[in-house]
Structures are given as structure tokens and as C-alpha cells.
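Before any comments, here is the structure.
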Amino acid sequence: MHKDVVIIGSGIAGLTCAIYLKRANIDFVVIEKNDVGGLLNKLKRVDNYPGFSSCSGKEILSSLKKQIDELGIEVIKNNVVTILMDKSGFKIVLEDGSIIAKEVVIATGINRNKNELIDGEKEYFGRGVSYCAVCDGAFFKGSDVAVIGNKKTAIEEALYLANIVNKIYFIHDDDINKNDLAELSKFSNIEIIKDKVKKINGDMLGVNSLTLESGRNIDVIGVFPYIGEKGVEDFLRNINLNLNNGFIDVDENMETMIKGVFAIGDVRVSKLKQLVTAASDGAISSLQIIKNLKAK
């Protein structure tokens with residue numbers, strides 16, 4: 001099979017790119033190994049997406065699905081094994097077959113290492129466990145929460161939450177950069193704890209506490225874990241992309257250091273990982289893709 005473009009991933013970034021390409025009459029296909037919509041399938045409540053007031057991710061996805069159905073956008077359920085490069089373009093090797101494309105869009109979102117998930121993290125996702133303070137911080141206004149991790153992302157999320165919640169337990173198991181530590185220490189409502197989280201506890205209503213490896217129990221209703229997250233999937237091992245902490249560097253057009261390879265949404269390096277920015281990435285990338293194809 002030959003296509004002008006292959007979009008890998010069908011979250012809001014990938015589907016937005018697909019909508020723009022379809023309207024420009026570009027020959028493409030979307031590949032998705034899981035359910036169409038990606039993270040939208042798991043979001044219990046969204047309050048900050050324009051035009052949708054306090055809805056679920058599935059409600060937004062329902063409108064998106066209707067739109068892609070009306071446009072006749074093709075989504076193939078398959079798993080990408082690897083991407084190979086040659087003079088003719090890119091060969092996307094699937095578990096079942098392969099596709100030759102002139103341009104490739106990587107829209108696979110954040111890949112969370114299953115081996116590093118905290119006990120209870122998956123169970124309480126959307127019921128107290130969140131990976132986005134900007135998205136969900138307001139839900140915990142005036143409450144006690146925990147931020148877990150020692151990467152820059154964890155620091156930034158804690159600083160954002162400091163002006164919203166009552167108290168933050170910042171839990172890390174490794175040394176933190178001294179400058180970052182100083183930033184956290186400026187806030188009287190941030191308690192820094194060097195320990196590991198053994199388990200996230202809760203009930204039918206959601207998260208209610210954490211158990212640390214030291215044996216200490218902490219009462220919280222919100223947990224923001226930032227451990228074991230990365231953007232790059234294993235199928236990208238055969239192409240050399242410029243990475244920053246596991247996420248893909250792109251230019252202002254969402255194009256990577258490899259001409260014809262784009263990265264959009266949460267998989268790329270970005271200051272803000274939101275539905276609205278992911279949709280923006282999809283739109284921006286489509287314009288450069290169309291430009292590239294015309295040049296070819």
C-alpha cells in the first residue's frame with residue numbers, strides 16, 4: 001500500500017491533522033493500535049476545552065468521530081513495528097503488512113512504563129490520579145494533594161498547584177536540582193519528602209491516601225505521578241530523532257530533524273500538554289505536510 005501520509009495515533013492531535021489533510025484532498029491513512037481517540041477515552045471530566053463545558057473526554061470524542069465518519073477518514077487498527085527509511089520515502093512496517101509513505105506523523109501521546117506504575121495508579125486514574133495539573137488542578141482547590149517525581153515536569157506541576165491547593169506533599173526518591181529545591185521551598189504549603197510511594201489508596205469515591213515505603217501514611221485526595229513517562233515508542237528505534245528527556249524535538253511547523261517526519265501532541269517537547277494544544281499541533285503540521293508534498 002502506498003500513501004502520501006501515514007498518521008500514527010488517533011488522539012485529538014492525530015485526528016485534527018487528519019481532518020485538515022482530508023479537506024485538502026491528501027491521500028493518507030491513520031494507524032491506531034488501541035481505541036480511536038487515545039486519552040480522550042479515559043478522561044472522566046474536561047473543563048478547559050473550548051466549546052465543551054464540564055464534559056467527559058468521550059463526549060468530545062463522540063463529536064470528533066462523527067466528523068471523521070462524515071469526512072470518510074480511514075483508521076486502520078494495527079500495531080506499528082518499526083519505520084524504515086529509503087530513497088523512496090518511509091516504510092511503516094505493521095504487524096500485518098506495511099505501508100510506503102512520503103510523510104509520517106507521530107501522534108502516539110505519552111508512553112507510561114507499566115513496570116514503573118505505582119500500585120493503585122491505574123485503578124484510580126481519573127478518580128484522584130491525574131497527569132496534568134493545568135487540566136485538573138482546579139478540581140482539588142483547597143485540598144491536600146501529592147506530586148511524585150524528581151523531573152522538571154514534577155517541579156513545574158507542583159509550582160502550578162501551589163496557588164490552588166491547600167497543601168502539596170512533594171515526594172521524590174532521588175536528589176533534586178538545588179535551584180528547583182529552592183523554588184519549591186519558597187512555598188509554605190509544599191512539604192518535600194524523600195521517600196517512595198508504595199501504594200495509592202482509595203475507595204469507591206476515589207483516592208484518599210498514600211502509603212510510603214517508610215511506612216508513613218499521608219491523607220490526600222489527589223495524586224500527580226510523574227515517574228516512568230516518556231514520549232518515544234520502541235517502533236522509532238530505526239530512525240534517529242532528536243530527543244529531550246524522552247520526548248521529540250520539533251520546529252515551529254512540528255517537523256522533526258528528519259524531513260518529512262512530524263511529531264504532534266504529547267509525544268513532542270512542549271511546555272503545555274493540553275487537548276487544545278494537541279489540536280493546534282495537528283493543524284500546524286498539516287499545513288507543512290501539504291507544502292512538503294507540493295514540493296515533491
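The values are calculated or read from the model by the stated rules, or taken from the named source; none is laboratory data. Being a predicted model, the structure only gives us computed values, none of them experimental. Virtual Cβ from ideal backbone geometry, glycine too; neighbours counted across all protein chains shown. The accessibility values were calculated without ligands, DNA or RNA, using every heavy atom of the protein model including side chains. Shrake-Rupley method; radii C 1.70, N 1.55, O 1.52, S 1.80 Å.
One table, with the values for the structure above:
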{"item": "Lys151 vs. criteria within 30 Å of Val261 (Cβ to Cβ), open to solvent by 30 Å² or more (accessible area, probe 1.4 Å) and among the basic types (Lys, Arg)", "result": "yes"}
{"item": "Residue match in the stretch 144-160 (condition: out of contact with any helix residue (DSSP H, G or I) (no Cβ under 8 Å at 6 or more places or on another chain) and modelled with pLDDT of 95 or more)", "result": "yes"}
{"item": "The one condition in (1) within 27 Å of Ser270 (Cβ to Cβ); (2) under 25 Å from the mean Cα position of the chain (by Cα) that Lys196 fails to fulfil", "result": "(1)"}
{"item": "Considering residues of the stretch 23-35 that are crowded, with 20+ Cβ neighbours inside 10 Å and touching a helix residue (DSSP H, G or I) at 6+ places or on another chain (Cβ under 7 Å) only, the residue nearest to Gln288 (Cα to Cα)", "result": "Phe28"}
{"item": "Selection status of Ile258, part of a loop (DSSP other than H, G, I, E, B), open to solvent by less than 60 Å² (accessible area, probe 1.4 Å) and out of contact with any Gly (no Cβ under 8 Å at 6 or more places or on another chain)", "result": "yes"}
{"item": "Any hit, the stretch 236-250, residues being in a helix (DSSP H, G or I) and in contact (Cβ under 8 Å) with a residue 40 or more places away in the chain", "result": "yes"}
{"item": "Complete set of residues in the stretch 271-294 that are modelled with pLDDT under 95, open to solvent by 40 Å² or more (accessible area, probe 1.4 Å) and in contact with a helix residue (DSSP H, G or I) (Cβ under 8 Å, 6 or more places away or on another chain)", "result": "Leu272, Lys273"}
{"item": "Within the stretch 59-115, strands (runs of 3 or more DSSP E) holding 1 or more residues that are under 27 Å from Tyr226 (Cβ atoms) and open to solvent by less than 60 Å² (accessible area, probe 1.4 Å)", "result": "80-86, 98-106"}
{"item": "Qualifying position, being open to solvent by 20 Å² or more (accessible area, probe 1.4 Å), within 25 Å of Ile192 (Cβ to Cβ) and modelled with pLDDT of 95 or more, among Glu252, Glu213", "result": "Glu213"}
{"item": "Of residues in the stretch 36-58 being open to solvent by less than 10 Å² (accessible area, probe 1.4 Å) and of a type in the set (Gly, Ala, Ser), the one modelled with the lowest pLDDT", "result": "Gly57"}
{"item": "Residues (more than 18 Å from Ile8 (Cβ to Cβ) and assigned to a loop (DSSP other than H, G, I, E, B)) located in the stretch 216-235", "result": "Arg216, Val220, Ile221, Tyr226, Ile227, Gly228"}
{"item": "Residue in the stretch 156-169 that is open to solvent by less than 20 Å² (accessible area, probe 1.4 Å), aromatic (Phe, Trp, Tyr) and in contact with a strand residue (DSSP E or B) (Cβ under 7 Å, 6 or more places away or on another chain) present", "result": "no"}
